[in-house]
1. Listing 102, 44 from the residue with the fewest other Cβ atoms within 10 Å to the one with the most, what is the order?
2. For 25, 14, what ranking results if the residue with the fewest other Cβ atoms within 10 Å of its Cβ goes first?
3. For the stretch 113-148 and the stretch 1-52, what is the separation of their Cα centres, given in Å?
4. By how many nm would the segment from residue 88 to residue 141 grow when fully extended, if each residue of separation counts as 0.36 nm and the alpha-carbon distance is taken off?
5. Counting each DSSP H run of 4 or more residues in the chain as -39500 (n - 2.57), what helix-only mean residue ellipticity at 222 nm follows after dividing by all residues, to the nearest 500 deg cm²/dmol?
6. Above 25 angstrom, tally the Cα pairs of the chain and express them as a % of all pairs, no decimals.
7. How many percent of DSSP beta bridges within the chain run antiparallel, rounded to 5?
8. Taking the beta-carbon count within 10 Å as an exposure proxy, list 65, 84 from fewest neighbours to most.
Ligand SMILES: [Zn+2]
């Protein structure tokens, strides 16, 4: 098995956007886990697809996905957070349970809560919107400080 290598995001704008969305959610709710980098273990067998992993800033990652679309990247990030940091992420604020990366309408990547009939928490990248007002305002203040 070859070693994983960083994905050349300059040539993959879709993957770059998907990774940025996940990193936005991490910055909002689990800043110690981000920003993540996207790694790829190329397959040397044409019957086996390449594996994509989301790596923590310190390089650790766990598991991966073979379908590097936006929901897949969110899923890979979740795998790493769960297996390496032992954290359930992200969490539905209403049901206080972990949500799952899924494909919503228009092929958008969404965080989906499976409680009851299930409901869409938000689009991946919009997790900050689901925070209570107080936390959201604190986050905006932090962002302004970071830029200034
Ligand atoms: Zn819920």
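1. Working: 102 19, 44 8.
So the ranking, lowest neighbour count to highest, is 44, 102.
2. On the way: 25 25, 14 12.
Ascending Cβ contact count within 10 Å gives the list 14, 25.
3. Each part reduced to its Cα centre gives a spacing of 22 Å.
4. Details: separation 53, 0.36 × 53 = 19.08 nm, distance 2.58 nm.
Difference between extended and current length: 16.5 nm.
5. Numbers: 3 runs with 48 residues, N = 148.
For the chain, the value works out to -11000 deg cm²/dmol.
6. Working: 3151 of 10878 pairs.
Roughly 29 percent, rounded to a whole number.
7. Working: 18 of 18 bridges.
The antiparallel fraction comes to roughly 100 percent.
8. Numbers: 65 21, 84 16.
The fewest-first ordering by Cβ neighbours comes to 84, 65.
Only the coordinates and a few stated rules stand behind these numbers; no lab work does. Because the structure is a prediction, the values reported are computed rather than measured. Positions of Cβ are backbone-derived with ideal geometry, glycine not excepted, and every protein chain shown enters the neighbour counts.
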